[in-house]
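The values are calculated or read from the model by the stated rules, or taken from the named source; none is laboratory data. Keep in mind that this is a model prediction, so the values were computed, not measured. All Cβ positions, glycine included, derive from the backbone under ideal geometry; neighbour counts span all protein chains shown.
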Amino acid sequence: MIATGSPADAAAAVIADRRAAEGSADTRLADTGLADLVARRLRDVPDFPQPGIVFKDITPLLADGAAFAAAVAGLARIAGDVDVVAGIEARGFLLAGALACELGCGLVPVRKAGKLPPPTVRQAYALEYGTAEIEVPVQVLAGARVFLVDDVLATGGTLRASTDLVQRAGGRVERIGVLLELGFLNGRSVLADAAPVTALLTI
């Protein structure tokens, strides 16, 4: 089903179509109405967080209740049968919390190093504009089927490191979902052997 019209129409259409879409093997969301809705509610911020970077701000989408609901429902459609939603710091937390409620499952944060109480597993990785280190809790992921979510797929480094961490902590990433994929950076290739990836919007 294609979501068209107002954000409320898009939300209703995506929610209505969710059950029919569950279990689909498609990794690119064939919903142009939802993609257009996400695109209209992104804001470009040039030279942030450093010169030469164009930051994709999702705040306008989050501030629009119907648009946010449509995005969450769109991601929930492709989550599959999972025990936990894992959200990547920091904007991934906002999606993960709403998704966990939508799916009726648990929530686990993937946090910057030093933010979680031990025991944790840590891993360093490269960003498109620097390096970082993240961690996940150990006990809560053992044997869990995980839907890993973040706002943007860029080079794929953050999502790849997060996938590896979840696995090292005893979980299994079943699917990866993002609001936006920067296709020109080819980050999807980094995740080819990790888990199926779905983006609500690819540019």
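Could you list, in sequence order, the residues of segment 179-198 that are farther than 20 Å from V166 by Cα and of a type outside the set (S, T, N, Q)?
L179, L180, E181, L182, G183, F184, L185
For V110, are the conditions met, namely being touching a residue at least 60 places away in the same chain (Cβ under 8 Å) and β-branched (V, I, T)?
Taking the combined requirement at face value, the residue does not satisfy it.
Would you pick out the residues in segment 165-191 that are small (G, A, S) and either in contact with a Ser or Thr (Cβ under 7 Å, 6 or more places away or on another chain) or over 27 Å from P137 (Cβ atoms) (or both)?
Our first condition is that a residue be small (G, A, S); within segment 165-191, this holds for 169-171, 177, 183, 187, 189.
Within segment 165-191, G177, G183, G187, S189 meet the criteria.
Quick check: anything in segment 177-187 part of a strand (DSSP E or B), β-branched (V, I, T), under 14 Å from the mean Cα position of the chain (by Cα) and surrounded by 24 or more Cβ atoms within 10 Å (Cβ to Cβ)?
Yes, segment 177-187 has at least one match.
Can you list residue pairs whose Cβ atoms sit under 6 Å apart, with the first residue in segment 33-59 being on the phi < 0 side of the Ramachandran plot and surrounded by 10 or more Cβ atoms within 10 Å (Cβ to Cβ) and the second being among the aliphatic types (A, V, I, L, M) and part of a loop (DSSP other than H, G, I, E, B)? Count only pairs 6 or more apart in sequence or on different chains.
Cβ pairs passing all conditions: G33/I2; G33/A3; L34/A3; K56/L42.
Just wondering, is there one or more residues in segment 114-128 that are part of a loop (DSSP other than H, G, I, E, B), aliphatic (A, V, I, L, M) and in contact (Cβ under 8 Å) with a residue 60 or more places away in the chain?
Scanning segment 114-128 turns up no residue that is part of a loop (DSSP other than H, G, I, E, B), aliphatic (A, V, I, L, M) and in contact (Cβ under 8 Å) with a residue 60 or more places away in the chain.
Could you tell me whether any residue of segment 148-169 is touching a helix residue (DSSP H, G or I) at 6+ places or on another chain (Cβ under 9 Å), over 17 Å from G92 (Cα atoms) and of a type in the set (A, V, I, L, M, F, W, C)?
Yes, segment 148-169 has at least one match.
If only one of A100, A113 is out of contact with any Ser or Thr (no Cβ under 6 Å at 6 or more places or on another chain), crowded, with 19+ Cβ neighbours inside 10 Å, farther than 18 Å from I58 by Cα and of a type in the set (A, V, I, L, M), which one is it?
After applying the criteria, what remains is A100.
For a quick check of your reading: which helices (runs of 4 or more DSSP H) sit entirely within segment 19-102 and have at least 3 residues that are under 16 Å from L153 (Cβ atoms) and either at pLDDT 95 or above or over 14 Å from the mean Cα position of the chain (by Cα) (or both)?
Fully inside segment 19-102 and qualifying: 32-40, 65-77.
Give me the pairs, please: first residue somewhere in segment 134-145 and crowded, with 22+ Cβ neighbours inside 10 Å and in a loop (DSSP other than H, G, I, E, B), second residue anywhere and aliphatic (A, V, I, L, M) and at pLDDT below 95, beta-carbon distance under 6 Å, and either six or more positions apart or on two chains.
Listed pairs, sorted by first residue: none to list.
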